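Below is one structure, written out as structure tokens; the observations come after it.
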Amino acid sequence: MRRGLAVYAALAYLFLHAPLLILAAFSFNTSKYTVWEGASLVWYRALWEDGRLLEAAWNSVLIGCAATVLATAMGTLAAYAMWKRGARWLEGAFFLSLVTPEVVMGVALLAFYQWVFHFLDVRLGMHTVIAAHVMFSLAYVVVVVMARLRTMDRSLEEAALDLGATEAETFWRVTLPRMAPAIGTAALLVFAISFDDYVITSLVAGVDSETLPMLIYTMARRGVSPAVNAISTIITVAVGVMILMAERWRRA
Amino acid sequence: MVMRKWFLLPARAVMAALFVAPMAIVAAYSLLTRGAYGGQGAPWTLENYARLLDPLYAGIAVKSFWIAGVSTAVCLAMGFPLALFIARARSRKALWLGLVTLPFWTSFLVRTYAWMFLLRDTGLVNTLLLGLGVIREPLPLLYNDSAVVLGLVYGYLPFMVLPVYAVLEKMDGALLEAAGDLGARPWEVVWRVVLPLAKPGLAAGGVLVFIPCLGAYLTPDLMGGGKSILIGNVIQNQFTTARDWPFGAALSVVLMAMVMALAWVARRRGGEGGLP
């Protein structure tokens, strides 16, 4: 049985990883078609000269960073407060936001923004995308940070308070440092989710806020271009390196 | 705890303004009438919900359930043995588990595109088969329901493996040995001992896979072409191209209600909801 399982597992891992590996291999293909004609970096060079693509990548990084900082900070504070004592409707809202289909969340935000725009002189753009990303990442931060808090001993905080620390000092000097690894993981998760989101982003983005996934989507729909293989490979490798570094930093 | 209130304030404000309010607006719009130029206004009506009974839309709802159900079943069948393999591995469990979760960190869009690259008419599979002379014309591998199921399974398989693994990991290995000693064949051990023990994990995984599949938008859009339209695609279309927001809102409310019902049942049964 063990051998049968091992063979099956090998096939399953092949299923999980072969498509991305093949995609990466063909990003180095000279030919525009799916026939191997020798290795080169033509498609990577083409990316570098594509102004629209660079702008989309820059937008994605900006949105990702802004959403990461805001959502991680707000989510960490909320998780800590909820660890102290439950916050019922907020917990419910987080839970619902996790199960809400992306497309429903996207159209709801679009409808909401359009309604708000009746009263305010704003338009869809980077800010609406960032706000949306902060909202849908909050629950993930809370889940990750809360999981860590649950393993912590409450008596440490009590001890700090008994020894004369204020509430703020207790949070800042006793609990926060011990939450740090979880906060790091949460931040990484937020960035990955934000950087990857297409469905919600495409619904609430304006003309000046095309992101990388939006561009990849357009290119993928239009047809075969090895350039898409090349961007995909860069994204996959970049995210992989980020995770490895985070893993190392966490263990260090 | 004065501090607690201040700590909750930003999250409360964001969730109230950007989650609860938008959902309330969608619920309200679903009861309004579509305007001549695509807006929405009085009178209040249930017309949008009545339209859902139209065979066209009822059919799309049934199909969405069907595709999500098939995808979940395939994930169960593929995820269980993989979880069992990892749980029973003698070494490097973290590595095997990491290899399952790794795709989760990579872009969903990129993963979908990778399959399009393999499956399209001019894709790698067809090019290879044509080159080898196995087929004369490219096989229609992409832009059909099977491609959508494949894309969904590929995207959500980790959601099945993780909870099943979590349950199997805690399983007592002595039970398996006992079953074996008492004369059960290996497949009997799996079928009659391991599988029943893994039930809570399978149920949790099933919900975690079924919910996103039911509301899927990107996979049917890219891998199903125009043919395989599911609820998620209709909603997006009503809000963008068709500009019938009240009808799109009614569809969103119904989809949301189904998802909430599923999540509620899963949570009551002690499944992994994700939150405290």
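None of the figures in this text is laboratory data; all of them are computed from the coordinates on show. Values in this document were obtained by computation on a predicted structure and should not be read as measured data. Here the Cβ positions follow ideal geometry from the backbone for every residue, glycine too, while neighbour counts run over all protein chains shown.
For B:Lys227, give me every one of the aspartates and glutamates with a C-alpha distance below 20 angstrom, ignoring sequence neighbours fewer than eight places off in its own chain.
B:Asp54, B:Asp121, B:Asp145
Where in chain B lies the longest segment free of trypsin sites (Lys or Arg not before Pro) that are both loop residues by DSSP (not H, G, I, E, B) and have at most 12 other Cβ atoms within 10 Å?
With trypsin sites (Lys or Arg not before Pro) excluded where exposed in loops, chain B gives B:1-89 as its longest stretch.
Go through A:Val104, A:Leu53, A:Ser232 and say which Cα lies farthest out towards the positive end of the charge dipole of the range A:41-251; charges sit on Cβ, +1 for Lys and Arg, -1 for Asp and Glu.
Farthest towards the positive end: A:Ser232.
Given Cβ point charges of +1 (Lys, Arg) and -1 (Asp, Glu) and nothing else, what value in debye, to the nearest 20, does the dipole of the protein assembly as shown about its Cα centre take? Walk me through the numbers on the way to the answer.
Details: 41 positive and 31 negative charges, 191 e Å.
Here the size comes out at about 920 debye.
Any chance you could check the Cα centroid distance between the range B:57-110 and the range B:167-231 for me, in angstrom?
So the two Cα centres are separated by 8 Å.
Nearest 10 degrees, 0 to 90: what angle lies between the long axis of helix A:88-99 and the longest principal axis of chain A (Cα atoms)?
So the helix axis and the longest Cα principal axis differ by about 10 degrees.
With point charges of +1 on the Cβ of Lys and Arg and -1 on the Cβ of Asp and Glu, referenced to the Cα centre of the protein assembly as shown, which listed residue (B:Ala257, A:Thr34, A:Leu70) lies farthest in the positive direction of the dipole?
With unit charges placed on the Cβ atoms, the residue in question is B:Ala257.
Relative to the longest principal axis of chain A, what angle (0 to 90°, nearest 10) does the C-alpha long axis of helix A:226-251 take?
30
List, in order, the whole-Hz ³J(HN,Hα) value for each residue of the range A:69-82 obtained from phi through the Karplus relation with A = 6.51, B = -1.76, C = 1.60 and θ = phi - 60°; use x for Gly and Pro.
Result, rounded to whole Hz: 4, 5, 5, 5, 5, 5, x, 5, 4, 5, 4, 4, 5, 6.
Excluding same-chain residues fewer than 8 positions from B:Lys5, which lysines have a Cα within less than 18 Å of its Cα?
By straight Cα distance, B:Lys5 reaches A:Lys84.
What's the longest bit of chain B with no exposed chymotrypsin sites (Phe, Trp or Tyr not before Pro), using DSSP loop states and at most 16 other Cβ atoms within 10 Å as the test? Walk me through the numbers on the way to the answer.
On the way: sites that count: B:Tyr37, B:Trp44.
Here the longest segment lacking exposed loop sites spans B:45-276.
Search the structure for amide H atoms under 5 Å from the amide H of B:Gln40, placed 1.01 Å from N in the peptide plane, and list their residues when 5 or more places away or on another chain.
B:Gly35
Can you bin every Cα-Cα distance in the range B:203-276 into 10 Å intervals starting at zero and give me the percent of pairs per bin, rounded to whole numbers?
All Cα pairs, binned at 10 Å, distribute as 19, 41, 29, 11, 0 percent.
Mind pulling the angle between the C-alpha long axis of helix A:212-222 and the longest principal axis of chain A? Nearest 10 degrees, somewhere in 0 to 90.
The angle comes out at about 30 degrees.
Would you give the gap between the C-alpha center of the range B:1-53 and the C-alpha center of the range A:191-250, rounded to a whole Å?
Value for the Cα centre distance between the two parts: 29 Å.
Of the candidates A:Ala18, A:Ala180, A:Ala132, which one comes out as most mobile in a Gaussian network treatment of chain A with C-alpha springs shorter than 10 Å?
The residue with the greatest mean-square fluctuation here is A:Ala18.
Work out the mean other chain Cβ neighbour count within 10 Å for the residues of A:109-121 and drop it here as an integer.
4
Assigning unit charges at the beta carbon (Lys, Arg +1; Asp, Glu -1) and nothing else, what dipole magnitude in debye, to the nearest 20, does chain B show about its Cα centre?
For this selection, approximately 620 debye.
Charges on Cβ only, +1 for Lys and Arg, -1 for Asp and Glu, centred on the Cα centroid of the range B:69-170; of B:Leu118, B:Phe159, B:Ile86, which one is farthest towards the dipole's positive end?
My answer, from the dipole projection, is B:Ile86.
Taking the Cα centre as origin and putting +1 on Lys and Arg beta-carbons and -1 on Asp and Glu beta-carbons, what dipole magnitude results for the range A:119-240, to the nearest 20 debye?
Once rounded to the nearest 20, the dipole reads 460 debye.
Among B:Ile235, A:Ile183, B:Ile135, A:Ile216, what is the fewest-to-most ranking by other Cβ atoms within 10 Å?
Working: B:Ile235 26, A:Ile183 19, B:Ile135 13, A:Ile216 23.
The most exposed by this proxy come first: B:Ile135, A:Ile183, A:Ile216, B:Ile235.
I need to check one value: relative contact order of the range A:41-251, counting alpha carbon pairs closer than 8 Å and at least 6 residues apart, in percent.
After rounding, I find 37 percent.
I need the helices of chain B that pass two filters: whole DSSP H segments spanning 24 Å or more by Cα along the axis, and mean Kyte-Doolittle score no lower than 0.0.
Result, helices passing both filters: B:55-88, B:145-169, B:195-214, B:245-268.
Between the DSSP loop rule and a limit of at most 12 other Cβ atoms within 10 Å, which trypsin sites (Lys or Arg not before Pro) in the range A:148-192 are left?
Answer in residue order: A:Arg154.
Among A:Val116, A:Val190, A:Val141, whose mean-square fluctuation peaks in a Gaussian network model of chain A (Cα, cutoff 10 Å)?
Of A:Val116, A:Val190, A:Val141, the Gaussian network model singles out A:Val116 as fluctuating most.
Would you work out if the range B:48-268 is rounded, prolate or oblate? Take a ≥ b ≥ c from the square roots of the eigenvalues of the alpha-carbon gyration tensor; rounded if a/c is under 1.5, else prolate when a/b is larger than b/c, oblate otherwise.
Because a/c hits 1.5 or more and a/b fails to exceed b/c, the range B:48-268 counts as oblate.
If you take the square roots of the eigenvalues of the alpha-carbon gyration tensor of the protein assembly as shown and sort them as a ≥ b ≥ c, do you get rounded (a/c under 1.5), prolate (a/b over b/c) or oblate?
It is rounded, given that a/c, with a ≥ b ≥ c, falls under 1.5.
Among all the aspartates and glutamates, which ones have a C-alpha under 18 Å from B:Lys170's C-alpha, if same-chain residues fewer than 8 places away are not counted?
B:Glu272
Have a look at B:Gly206, B:Gly69, B:Gly35 and tell me which one the Gaussian network model of chain B (Cα, springs below 10 Å) gives the largest fluctuation.
Of the options given, B:Gly35 has the highest mean-square fluctuation.
When only DSSP loop residues count, what trypsin sites (Lys or Arg not before Pro) in the range A:10-106 have their Cβ near at most 14 other Cβ atoms within 10 Å?
Answer by residue number: A:Lys32, A:Arg85.
Near B:Gly173, within a Cβ-to-Cβ distance under 15 Å, what is the net charge of the other residues, with Lys and Arg +1 and Asp and Glu -1?
+1
Using only the alpha-carbon atoms of the range A:41-251, report the extent along each of the three principal axes, biggest first, to the nearest angstrom.
Extents along the principal axes, in whole Å: 65, 46, 28.
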